[in-house]
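Down below is the structure, laid out as structure tokens.
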């Protein structure tokens, strides 16, 4: 398989980024959903919050790379072609997913900044984006959590659509994003 996209399928780079992002986003969500297994204020809960933030920021960095790759390479065709309304709906969902992958980490960074907390990123401390403002930090947190909740629906819709196309429409939508299998013959 080629590193670059072709008109038939995505290349290794875009496939790898897609599935890596899935793993990272699942980890980010899991870290927040399961932080309650530790008592509030405990080292375990603090570690989960810390990793939630750092992996979220890694999503932010990688989504920028994904956007560059997406613009720089051709998009594989869907065969057989799908109706125009499905293409438009797919584009809207993809834009919303990209906005979520950019917006949630950025909101987290803004929230930490407004709360006056250090902004960790794998041994580095990111600069604050805004000055300390506890009330604003609380508002950003509410927006962050609301968008994250909407994210469950977007991610679910994306996955269900891929499975729908594969099993019901019998097109190559899903296959274009799966690694090629090596022939056993």
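The values are calculated or read from the model by the stated rules, or taken from the named source; none is laboratory data. Here the structure is a predicted model, which is why all the values come from computation and not from measurement. With ideal geometry, Cβ positions are generated from the backbone for all residues, glycine too; neighbour counts draw on all protein chains shown.
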Problem - Pairs, first on the phi > 0 side of the Ramachandran plot and at pLDDT 95 or above in the stretch 81-97, second part of a helix (DSSP H, G or I) and surrounded by 12 or more Cβ atoms within 10 Å (Cβ to Cβ), C-beta under 7 Å, six or more apart - result: none
Fill in the blank from the handout: Looking across the stretch 30-65 at residues that are outside any helix (DSSP H, G or I) and free of Cβ contacts under 8 Å to residues at least 12 places away in the same chain, the single one that is surrounded by the most Cβ atoms within 10 Å (Cβ to Cβ) is 38
Exercise for the section: Scan the stretch 94-105 for residues that are loosely packed, with under 15 Cβ neighbours inside 10 Å and more than 15 Å from residue 22 (Cβ to Cβ) and report the count. Expected result: 2
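The rows are residues; the columns are (1) touching a helix residue (DSSP H, G or I) at 6+ places or on another chain (Cβ under 9 Å); (2) over 15 Å from residue 109 (Cα atoms).
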site	(1), (2)
28	yes, no
34	yes, yes
42	no, yes
55	yes, no
61	yes, no
Handout entry: the stretch 119-144 - residue that is farther than 13 Å from residue 60 by Cβ and in contact with a strand residue (DSSP E or B) (Cβ under 8 Å, 6 or more places away or on another chain) and, of those, surrounded by the most Cβ atoms within 10 Å (Cβ to Cβ)
Key = 128
Exercise for the section: Give the residues of the stretch 111-151 that are touching a residue at least 40 places away in the same chain (Cβ under 8 Å) and part of a helix (DSSP H, G or I), sorted by residue number. Expected result: 112, 144, 147, 148, 150, 151
Exercise for the section: Identify the single condition in (1) outside any helix (DSSP H, G or I); (2) buried (at least 17 other Cβ atoms within 10 Å of the Cβ) that residue 79 does not satisfy, given that it satisfies every other one. Expected result: (2)
